[in-house]
Amino acid sequence: TAWGDSQMNVLMSYMMIPWIKLLGLNRISILMPTIIMSICGMAAGCKLVDYLFGGWMPVLFIAVISCNPWHYISSRWALESNLFPHFFVISILLLVCGITRKKTWMIYLSVFIMGLSHYNYGLSIYVVPVFLLIICIYMLKSKIISFVQTVIALIIYFVVSWPFYLMIIINVFGLPTINLPFMTIPSFEGGARSGETLFFSKEPLHQLFENIKNLIKLVYLQSDGLIWSSVPNFGTVMLFLVPVMILGFIRVCGRKTKEISRVIIFTWLAVSVFDGLITDEINSTRLNVALYLSI
């Protein structure tokens, strides 16, 4: 329970447990999961760029992310939602490795981590299933995986994520808390924050235009006006790099880019835009799934 009366994404709390046990309850033990996962996300992003583009691109990626304002900020405070983009980029790396190396177990592990990522951020309910569905259709059509392998991957995903979906159902429909021998799936006193999405807005059309405006502002002006999301005069990805980001998108559209690279990038972009369009008062945290993509 957090934010006064409602839910908190639980995975960071679990990841803090061994550090609190080892170091006691202090600032260092609380921050350890964030800093470790941000370093893992940086390494995964570098390897992902190497797989997708090769050449000198991984070096450029490391150069950019090493002085990236968003990555610095998100690595230095224990907001549980900040884990989501790191888990997401690690999962995509495993997916790409599984496809390029023809290692099905890597694809299964990718799906497992995607399922875990739900426990980092509630908005993942709009991002992860859509991403997996599009990629699944592509891999089936391209005969990268068989129907049986797809079913196995879906089973892995739902085995990991069913408590998350059950928690959503309990809180949307106001059902009582479920106490199981090994876990509790709580009904929170406060709302489930579903009202912060377009689907539950009282004025959906007006909210959609506001969301579009805020999304464009966040992407191109690199600022959401929040001191904990971006650095004044530098933004989230560095203001002077916005034209380079646009050039990068144009490069991905080119014929020289491998098909799998385009599919991954465009699917990632599609779910990020979808997230931005349906989320009210979009900011860097609520659109954090797109920040590795921007870099």
Next on the checklist: For the stretch 1-9, check the following and say yes or no: at least one residue is in contact with a Lys or Arg (Cβ under 9 Å, 6 or more places away or on another chain), of a type in the set (F, W, Y), in a loop (DSSP other than H, G, I, E, B) and under 22 Å from M238 (Cβ atoms).
Outcome noted: no
Checklist entry - What is the number of the single condition among (1) within 27 Å of K256 (Cα to Cα); (2) touching a residue at least 24 places away in the same chain (Cβ under 8 Å); (3) open to solvent by 10 Å² or more (accessible area, probe 1.4 Å) that I135 does not meet? => result (3)
Next on the checklist: Is it the case, given these coordinates, that S13 is polar (S, T, N, Q) and farther than 25 Å from V271 by Cα?
Outcome noted: yes
Item to check | Subset of the stretch 269-289 [in a helix (DSSP H, G or I) and either at positive phi or open to solvent by less than 10 Å² (accessible area, probe 1.4 Å) (or both)] | outcome: V271, S272, D275, G276, I278, N288, V289
Checklist entry - Does the stretch 211-237 hold any residues that are hydrophobic (A, V, I, L, M, F, W, C) and either without any contact (Cβ under 8 Å) to a residue 12 or more places away in the chain or surrounded by fewer than 19 Cβ atoms within 10 Å (Cβ to Cβ) (or both), and which are they? => result I212, I216, L221, L226, I227, W228, V231, F234
Item to check | Extreme residue, nearest to T197 (Cα to Cα), among residues of the stretch 145-173 that are under 24 Å from the mean Cα position of the chain (by Cα), of a type in the set (V, I, T) and open to solvent by 60 Å² or more (accessible area, probe 1.4 Å) | outcome: V172
Checklist entry - For the stretch 257-268, how many residues are at pLDDT 90 or above and touching a Phe, Trp or Tyr at 6+ places or on another chain (Cβ under 8 Å)? => result 3
Next on the checklist: Checking the structure you have, find out if any residue of the stretch 55-72 is farther than 21 Å from F240 by Cα and not β-branched (V, I, T).
Outcome noted: yes
Checklist outcome for this item: Across the stretch 96-132, the tally of residues that are under 21 Å from V49 (Cα atoms), open to solvent by 10 Å² or more (accessible area, probe 1.4 Å) and either in contact (Cβ under 8 Å) with a residue 60 or more places away in the chain or touching a strand residue (DSSP E or B) at 6+ places or on another chain (Cβ under 6 Å) (or both) stands at 2
Checklist entry - Only one residue in P176, P186, P181, P204 is open to solvent by 60 Å² or more (accessible area, probe 1.4 Å) and either touching a Ser or Thr at 6+ places or on another chain (Cβ under 9 Å) or among the polar types (S, T, N, Q) (or both). Which one? => result P176
Checklist entry - Of the numbered conditions (1) modelled with pLDDT of 90 or more; (2) surrounded by 15 or more Cβ atoms within 10 Å (Cβ to Cβ); (3) out of contact with any Pro (no Cβ under 9 Å at 6 or more places or on another chain), A63 satisfies every one except a single condition; which is it? => result (2)
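The values are calculated or read from the model by the stated rules, or taken from the named source; none is laboratory data. What you are looking at is a predicted structure, and each value in this text was computed from that prediction instead of being measured. Positions of Cβ are backbone-derived with ideal geometry, glycine not excepted, and every protein chain shown enters the neighbour counts. The accessibility values were calculated without ligands, DNA or RNA, using every heavy atom of the protein model including side chains. Shrake-Rupley method; radii C 1.70, N 1.55, O 1.52, S 1.80 Å.
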